[in-house]
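Input: a single structure, listed below in C-alpha cells.
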Amino acid sequence: MSTKTVRDYIRTISDFPEPGIKFRDVTTLLADPRGFRMCVDQLLHLFTGQKIEKVVALDARGFILGGAIAHQLGLGFVPIRKKGKLPGPTLSQDYDLEYGSAVMEIHEDALVAGERVLLVDDLLATGGTAEAGVKLIERLGGDIVGCGFVIDLPDLGGRARLEGLGLRVEALCSFEGD
C-alpha cells in the first residue's frame, strides 16, 4: 500500500479559467479528511519552533487553511480580502494581475506593531497577491515569520519574488512547468 502525499489529493483541471491553463484545484484536498489534516499538519510542521502570534491568510482558499492553522496553534486569525469585502476601516494595497490589477485590504486594527505573523495561502504562482499581503502586514508593523503555501508553481517566479523580499517561503508541493 502506497502512502499518499498532499500532492496526490490535488486535482488538475485543464483549460480553466482559460485555454492553456492547468488549474491546480485544492478543493479535492480540502474535501478529504485525511488529506486536509495532512495538509494542515505539514504546514504547521514547517514552522515548528517559530514564535508565531497571528496567522494571516489571503482571500479565499487561504482562509480555510489559515483558520485551521490558527485554531491548531490557539492563535488569532486575520483575513486579507479583496477590496470592498471588509466592513471596518481598512488599508488597501494594489497589485498586478496577468491582465490588469486588483486591490487587497486588511483591517487597520488587525495587527499590533511587532506581532509575529505567519502568512498562508493555497497557491503561490507569480507572487503578486502574496506580495500585496506582505506589504499590508508590514504597513501595520507585523513581523513576517514566514509564508506557507500548499502549492508552489516555481516557473511563475513567486517564490523568487518573495525570497527577494527577504522572506522565508515554504510549500508542501510544486508543479513544474505551469
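Tabulated results
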item: Scan of the stretch 20-53 for residues that are in a helix (DSSP H, G or I), surrounded by fewer than 17 Cβ atoms within 10 Å (Cβ to Cβ) and touching a helix residue (DSSP H, G or I) at 6+ places or on another chain (Cβ under 7 Å), ordered by number; result: T28, Q42, L44
item: Single condition S101 does not satisfy, out of (1) in a strand (DSSP E or B); (2) in contact with a helix residue (DSSP H, G or I) (Cβ under 7 Å, 6 or more places away or on another chain); result: (2)
item: Residue list for the stretch 105-134, restricted to those being touching a Ser or Thr at 6+ places or on another chain (Cβ under 8 Å) and within 19 Å of L165 (Cα to Cα); result: D121
item: Selection from the stretch 107-123 of residues that are farther than 17 Å from C147 by Cα and either out of contact with any Gly (no Cβ under 9 Å at 6 or more places or on another chain) or surrounded by 23 or more Cβ atoms within 10 Å (Cβ to Cβ) (or both); result: A110
item: Pairs with Cβ under 7 Å, 6+ apart, first in the stretch 50-73 and within 16 Å of I144 (Cα to Cα), second modelled with pLDDT of 95 or more and among the basic types (K, R); result: K51/R116; I52/R116; E53/R116
item: Residue among D109, D155 that alone is more than 12 Å from the chain's Cα centre (by Cα), more than 18 Å from F63 (Cβ to Cβ) and not in a loop (DSSP other than H, G, I, E, B); result: D155
item: Members of the stretch 158-170 found to be of a type in the set (A, V, I, L, M) and in a helix (DSSP H, G or I), listed by number; result: A160, L162
item: Set L86, L75: member being under 30 Å from R7 (Cβ atoms) and of a type in the set (A, V, I, L, M); result: L75
item: Close pairs from the stretch 5-30: first among the basic types (K, R), partner surrounded by 14 or more Cβ atoms within 10 Å (Cβ to Cβ) and in a strand (DSSP E or B), Cβ under 7 Å, at least 6 apart; result: R7/C173; R11/D25; R24/L123; R24/I151
item: Matching option when the condition is surrounded by 24 or more Cβ atoms within 10 Å (Cβ to Cβ) and over 19 Å from T27 (Cβ atoms), among G142, G166; result: G142
item: Of all residues making up the stretch 59-69, the number that are in a helix (DSSP H, G or I) and under 15 Å from I106 (Cβ atoms); result: 3
item: Matching residues in the stretch 115-148 - criterion: being of a type in the set (D, E, K, R) and either touching a Lys or Arg at 6+ places or on another chain (Cβ under 7 Å) or over 18 Å from S92 (Cα atoms) (or both); result: E115, R116, D121, D122, E131, D143
item: Meets criteria (free of Cβ contacts under 8 Å to residues at least 60 places away in the same chain, buried (at least 17 other Cβ atoms within 10 Å of the Cβ) and either out of contact with any Leu (no Cβ under 8 Å at 6 or more places or on another chain) or not hydroxyl-bearing (S, T, Y) (or both)) for I151; result: no
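The values are calculated or read from the model by the stated rules, or taken from the named source; none is laboratory data. These numbers come from a predicted model, not from an experiment. With ideal geometry, Cβ positions are generated from the backbone for all residues, glycine too; neighbour counts draw on all protein chains shown.
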